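Input: a single structure, listed below in C-alpha cells.
The values are calculated or read from the model by the stated rules, or taken from the named source; none is laboratory data. Treat the numbers as computed from the prediction; the structure is a model and nothing was measured. Don't worry about glycine lacking a Cβ; one is built from the backbone with ideal geometry, like all the others, and counts go over all protein chains shown. Surface accessibility is based on the protein's heavy atoms, side chains included, excluding ligands, DNA and RNA. Shrake-Rupley method; radii C 1.70, N 1.55, O 1.52, S 1.80 Å.
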Amino acid sequence: MDNSLIDLTKNVLDVASQKVSVIEDINRTTKMLAFNALIEAGRAGDAGRGFAVVANEVNSISQRVSVVAGELRSEIGQLVDRMTTVGEDLMTRFRGQRLADLALNSIDIIDRNLYERSCDVRWWATDSAVVAGLQNPSHEAARHASERLNVILQSYTVYLDLWVADRNGRVIATGRPDRFPHAIGANVANEAWFIDALRTRDGGDFAVEDVSPNPVLENRTVATYSTAVRRDGAQDGEVLGALGIFFDWAPQARAVVTGVRLETSERTNTRCLLLDAAGRIIAASDGRGELTESFHLVTQGQPMGHYMDRHGRLIGFARTPGYETYRGLGWYGVLVHNPPGQS
C-alpha cells in the first residue's frame, strides 16, 4: 500500500478549500454590491427606500453565507485531519503487518534449511564408513571415513567441514583435511556440540548450537549440528563417539536477509535481521553488528507482530515457528523500516 489514500484525502481538502475560497470571494463581491446599493438608495431618498430594504436583506444573507463558509472550512479541515490520521494509522498497520509477514517468511526459510541440517547429521552418523571409523579404529578406517566425508561435502556445498570424534573427543576423521589440517587430532571433549551429541537419547535425536565462529575452521561462522555415532549404526546402539557438521552460516544467512522481497522504495530504508534467542544479531542485510551487537526487540510476549519504536522506526518481527521435527532455537526474523531521511 502506498500513500494514495492520504494523498487523496489531502486533495479533497485542497479542492474543498479552493471552492470555499471562491464562495468567499463571491460573497465579498456581493457585500460590496449591497453596500453600494445602500449608498445609491440613500441618494434616491424616498424613491430608493424599497431598494434599500432589498440591499439590507442581501447584506444579511451575505453575512450568513460568510458564517457558513467559515464553518464549512473549519469542519472540512477537522474531518480531513481525522481522515488523514485514520489513513496514516491504516498505512502503519498495513506496513507493519507486511513487515511481520516478511520477517516470518525469512525465519521460516532458515528453519526449513536448518531442519535439513538436522536430518543430514542423523543420517550421516549411520554411514558405514563413519561407524567403522569408530567401531573398528585404525589408520585405514579413519582414512576411509575421511574419504567418505569428502564425497558428501562435494555434493553438500553448504558445509565447511564434517568431523568424526571418538568417545574421548579426539577428531579422527574430517571431510577437508587439506583445507583444515588442524582439525585432525583436535580435542573437542570440552566443546558443547560434542558434549551434547554424547547426551542424545537415541539415533533420532540431535544437538544444535548457536551460531559462533570456529577457530579451527579459519574462524568462519558456523551453525553446528551433532549427534552420537552408535555401534552398528543402530538407533539404540552403544555410543562410540560423535559426528559434528559445520554449516557455513554467513553466506547462507546473508542470502536470506538480502533476498527479502522488499519494494524498491523500501529497500534503502529497511534493515533485515536475524536474531538469536538472546537478541544477538546473527545476520543483517547491511552486514552491521553481526555477532557483535544485540537488538532490543519488544515482543510483549507475542510470537509475531509489529510496533513503532521511540525513534519512529516501524518494526515487524516473527519468532521461529520450527519445521517438522526441528523446533528451532527461539530465533527471530526482524525488519526495521526507518522514516525517510533516517538511516
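With all protein chains in place and ligands, DNA and RNA left out, the 1.4 Å accessible area ranks Val239, Val151 as Val151, Val239, largest first.
Using a probe of 1.4 angstrom, how much of the accessible area of segment 126-181 is carbon and sulfur, in percent? The value for segment 126-181 is 48 percent carbon and sulfur by accessible area.
Considering only Cα atoms, the convex hull volume of the chain works out to 144 Å³ per residue. Placing unit charges on each Cβ (+1 for Lys and Arg, -1 for Asp and Glu) gives the chain a dipole about its Cα centre, and among Met308, Ala253, Gly133 the Cα reaching farthest toward its positive end belongs to Met308. Rounded, prolate or oblate for segment 248-316? Axes are the square roots of the Cα gyration tensor eigenvalues, ordered a ≥ b ≥ c, and the cut-off for rounded is a/c under 1.5. It is oblate, given that a/c is not under 1.5 and a/b is not larger than b/c. Qualifying chymotrypsin sites (Phe, Trp or Tyr not before Pro) in segment 299-342, where qualification requires a DSSP coil assignment and no more than 13 other C-beta atoms within 10 Å, are lacking entirely.
On a 0 to 90° scale, report how tilted helix 49-124 is relative to the longest principal axis of the chain, with both axes built from alpha carbons and the result rounded to the nearest 10. Between helix and principal axis, roughly 0 degrees.
Computed extension gain for Thr92 through His139, at 0.36 nm per residue and net of the alpha carbon distance, reaches 10.5 nm. For Arg176, nonlocal amide neighbours, meaning residues 5 or more places apart or on other chains whose placed amide H falls under 5 Å from its own, are Leu162. Taking the Cα centre of segment 270-343 as reference, the dipole from Cβ charges on Lys and Arg (+1) and Asp and Glu (-1) amounts to some 140 debye. Summing Lys, Arg as +1 and Asp, Glu as -1, what charge do residues with Cβ under 13 Å from the Cβ of Leu104 carry, Leu104 excluded? My count for the surroundings of Leu104 gives +1.
The C-alpha atoms of the chain define a longest principal axis, and helix 4-44 lies at about 10 degrees to it. In plain terms, the chain from Gln302 to Thr325 could stretch by 6.0 nm, reckoned as 0.36 nm per residue minus the Cα-Cα distance. Axis of helix 139-155 versus longest Cα principal axis of the chain: the two differ by about 20°, to the nearest ten degrees. When +1 charges are put on Lys and Arg Cβ atoms and -1 charges on Asp and Glu Cβ atoms, the dipole computed for the chain relative to its Cα centre reaches about 580 debye. Between Ala284, Phe194, Ile172, the Cα set farthest toward the positive side of the dipole of the chain (charges on each charged residue's Cβ, about the Cα centre) is that of Ala284. Residues Leu240, Leu104, sorted by accessible area with the largest first, give Leu104, Leu240 [1.4 Å probe; ligands and nucleic acids excluded].
So, R0 is 30 Å and r is the distance between the beta-carbons of Thr30 and Asp81; what FRET efficiency does that work out to, to 0.05? My answer for the efficiency is 0.50.
Across the chain, C-alpha contacts under 8 Å between residues 6 or more apart give a mean separation that, scaled by the residue count, equals a relative contact order of 17 percent. When its C-alpha radius of gyration is set against 2.2 N^0.38 Å (N residues), segment 143-294 gives a value of 1.18. For GluC sites (Glu not before Pro), the sites in segment 232-297 that DSSP calls loop and that have at most 10 other Cβ atoms within 10 Å are Glu263.
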